[in-house]
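A.B. asks: Got a structure for you, questions after.
The values are calculated or read from the model by the stated rules, or taken from the named source; none is laboratory data. Remember, it's a predicted structure, so these values are computed and weren't measured experimentally. For neighbour counting, all protein chains shown are included, and Cβ atoms are generated from backbone atoms with ideal geometry for every residue, glycine included. Ligands, DNA and RNA are excluded from the accessible area calculation, which covers all protein heavy atoms including side chains. Shrake-Rupley method; radii C 1.70, N 1.55, O 1.52, S 1.80 Å.
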Amino acid sequence: MPSRTNGRADLDLRALSLEPGFSKHAEGSCLIRCGDTQVLCTASVEDRVPPHVYGTGAGWVTAEYGMLPRSTHERMAREAAKGKQGGRTLEIQRLIGRALRAAVDLRALGPRTITVDCDVLQADGGTRTAAITGGFVALALAVKALKASRKISTAPVKRHVAAVSVGILDGAVRLDLDYGEDSTAEVDMNVVATGEGELVEVQGTAEGKAFRRDQLDQMIDAALAGIARLKEAQARALEVRG
């Protein structure tokens with residue numbers, strides 16, 4: 001029976017929408033909606049690599065993340081106006097980059113960089129996990145464009161990667177937290193995994209009350225089940241774009 005204020009059962013995902021090809025100009029793009037959270041992900045290809053990759057023959061995948069001024073309840077100043085990115089922004093975009101690189105054979109990509117820009121249009125919790133899930137679709141479409149133009153012969157995307165939040169509220173494990181749940185959760189965790197259920201990254205924090213090992217296992221099991229459903233949605237979105 002539904003036990004949450006939004007009518008979901010504890011292990012239900014929010015209503016999910018993936019709109020591939022949303023941006024006209026980017027090599028790959030996807031608008032992802034997870035409940036009231038909306039993130040526009042665009043993937044851009046450049047024929048260069050960062051210094052630490054130069055000369056290896058491999059490519060690179062990186063990410064940038066930002067929130068629009070009115071993506072939240074009150075207007076926030078653009079970070080460009082402040083002259084620097086905040087620590088939260090840097091931490092999130094590094095997470096997204098690490099997650100998406102787990103999907104790719106960088107040597108098969110060749111000496112080029114794909115930058116996945118993740119712009120939060122509306123935030124209601126889970127923006128970083130939505131950015132990873134939608135960012136993968138944008139990345140896969142950019143790689144398809146490279147292969148279609150015969151710039152690469154082997155598709156470098158080897159596996160799906162997606163992410164979801166999970167937590168403990170009122171003693172119960174709940175999947176895909178919205179902002180109201182995230183802000184009051186006893187435990188808050190973000191899980192990134194491949195479509196085969198292999199963990200890429202786990203970020204979990206107890207908010208004032210420690211959690212047990214069996215609860216950790218329950219949260220990871222719930223997250224992996226959710227990620228399997230996200231993989232199916234990613235696959236359907238990519239089929240739409242051929």
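A.B. asks: So who's got an amide H within less than 5 Å of the one on VAL200, skipping anything under 5 residues away but keeping other chains? H placed 1.01 Å off N, in plane.
C.D. replies: HN-HN under 5 Å from VAL200: VAL192, ALA193, THR194.
A.B. asks: Between ARG159 and ARG48, what's the calculated FRET efficiency when r is the beta-carbon distance and R0 is 30 Å? Round to 0.05. Each step should come with its number before you reach the end.
C.D. replies: Working: r = 25 Å, r/R0 = 0.85.
So the FRET efficiency works out to roughly 0.75.
A.B. asks: Evaluate the Kirkwood expression for the hydrodynamic radius of the stretch 150-200, namely the inverse of the mean inverse distance over all pairs of different C-alpha atoms, and round to one decimal in Å. Show your work: numbers first, answer last.
C.D. replies: On the way: mean 1/r = 0.0773 Å⁻¹.
The Cα-based Kirkwood calculation yields 12.9 Å.
A.B. asks: Calculate the spin-label point distance for GLU232 paired with LEU216, positioning each point 7 Å from the Cα along the beta-carbon direction, and give it in nanometres.
C.D. replies: Roughly 3.0 nm, to one decimal.
A.B. asks: Then there is this: Please report the spacing between the Cα centers of the stretch 84-110 and the stretch 221-235 in Å, no decimals.
C.D. replies: 20
A.B. asks: Can you tell me the orientation of helix 87-101 relative to the chain, as the angle in degrees between its alpha-carbon axis and the longest Cα principal axis, to the nearest 10?
C.D. replies: 60
A.B. asks: Can I ask one more? What is the sum of charges around LEU16, taking Lys and Arg as +1, Asp and Glu as -1, for the other residues whose C-beta is under 15 Å from the C-beta of LEU16? Write down the numbers at each step before the final one.
C.D. replies: Working: positive: ARG8, ARG14, ARG33, ARG229, LYS231, ARG236; negative: ASP12, GLU19, ASP36, ASP124, ASP176, ASP178, GLU232.
Its environment carries a net charge of -1.
A.B. asks: Moving on. Could you sort 83-89, 66-72, 129-135 so that the peptide with the highest average Cβ count within 10 Å comes first and the rest follow in order? Write down the numbers at each step before the final one.
C.D. replies: Working: 83-89: 11.0, 66-72: 15.9, 129-135: 31.3.
Highest mean packing first, the order is 129-135, 66-72, 83-89.
A.B. asks: When ranked by the protection proxy of mean other Cβ atoms within 10 Å per residue, highest first, what sequence do the peptides 167-179, 52-64 form?
C.D. replies: Taking the mean over residues of other Cβ atoms within 10 Å, the ranking is 167-179, 52-64.
A.B. asks: Something else: Helix 127-148 versus the longest principal axis of the chain: what is the Cα-based angle in degrees, 0 to 90, to the nearest 10?
C.D. replies: On a 0 to 90 degree scale, this one is about 20.
A.B. asks: Note down, for the stretch 27-147, the three equivalent ellipsoid semi-axes (square root of 5 times each alpha carbon gyration tensor eigenvalue), biggest first, whole angstrom. Working shown, then result.
C.D. replies: Details: eigenvalues 140, 53, 23 Å².
The three semi-axes for the stretch 27-147 are 26, 16, 11 Å.
A.B. asks: Can you tell me the 0 to 90 degree angle between the C-alpha axis of helix 213-240 and the longest principal axis of the chain, rounded to 10?
C.D. replies: 40
A.B. asks: Moving on to the next point. What label, among [x] 12.9; [y] 14.0; [z] 16.5, belongs to mean projected area of the Cα convex hull in nm² computed from the structure on display?
C.D. replies: Matching entry in [x] 12.9; [y] 14.0; [z] 16.5: [y].
A.B. asks: Given R₀ = 22 Å, FRET efficiency for GLU91-ALA9 by Cβ-Cβ distance, to 0.05? Can you show the working numbers first?
C.D. replies: Details: r = 31 Å, r/R0 = 1.42.
Efficiency computed from Cβ-Cβ geometry: 0.10.
A.B. asks: Another question about this same structure. At 1.4 Å probe radius, can you tell me the per residue accessible area of the stretch 67-133 in Å²?
C.D. replies: On the way: 3220 Å² over 67 residues.
Using a 1.4 Å probe on heavy atoms only, each residue of the stretch 67-133 averages 48 Å².
A.B. asks: Right, something else. In the chain, carbon and sulfur make up what percent of the accessible area (probe 1.4 Å)? Write down the numbers at each step before the final one.
C.D. replies: Details: 5780 of 11830 Å².
So the carbon and sulfur contribution to the accessible surface is 49 percent.
A.B. asks: Just how large is the dipole of the chain about the Cα centre, in debye to the nearest 20, putting +1 at every Lys and Arg Cβ and -1 at every Asp and Glu Cβ?
C.D. replies: Details: 32 positive and 31 negative charges, 213 e Å.
Magnitude of the dipole: close to 1020 debye.
A.B. asks: Taking amide H positions as placed 1.01 Å from N in the peptide plane, with prolines and chain starts having none, which residues 5 or more places from GLY110, or on another chain, fall under 5 Å of its amide H?
C.D. replies: For GLY110, the qualifying residues are GLY59.
A.B. asks: Apply the a/c threshold of 1.5 to the C-alpha gyration tensor of the stretch 87-185 and tell me whether it is rounded, prolate or oblate. Please list the in-between numbers first.
C.D. replies: Numbers: a/c = 2.91, a/b = 2.43, b/c = 1.20.
Since a/c reaches 1.5 and a/b is larger than b/c, the shape of the stretch 87-185 is classed as prolate.
A.B. asks: Can you give me the distance in nm between label points at SER149 and ARG78, each placed 7 Å from the Cα along the Cα-to-Cβ direction?
C.D. replies: 2.7
A.B. asks: Also, I was wondering about something else. Please report, in whole Å³, the volume per residue of the convex hull around the C-alpha atoms of the stretch 135-242.
C.D. replies: Details: hull volume 11.1 nm³, N = 108.
Measuring per residue, one finds 103 Å³ for the Cα hull of the stretch 135-242.
A.B. asks: Could you work out which residue, out of LYS158, LYS144, LYS82, moves most in a Gaussian network model of the chain, that is, has the largest mean-square fluctuation with Cα springs under 10 Å?
C.D. replies: Among LYS158, LYS144, LYS82, the largest GNM mean-square fluctuation belongs to LYS82.
A.B. asks: Highest mean first, how do 197-209, 116-128 rank when packing is the count of other Cβ atoms within 10 Å averaged over residues? Please report the intermediate quantities before stating the final value.
C.D. replies: Numbers: 197-209: 13.6, 116-128: 21.9.
Going by the mean number of other Cβ atoms within 10 Å, highest first, we get 116-128, 197-209.
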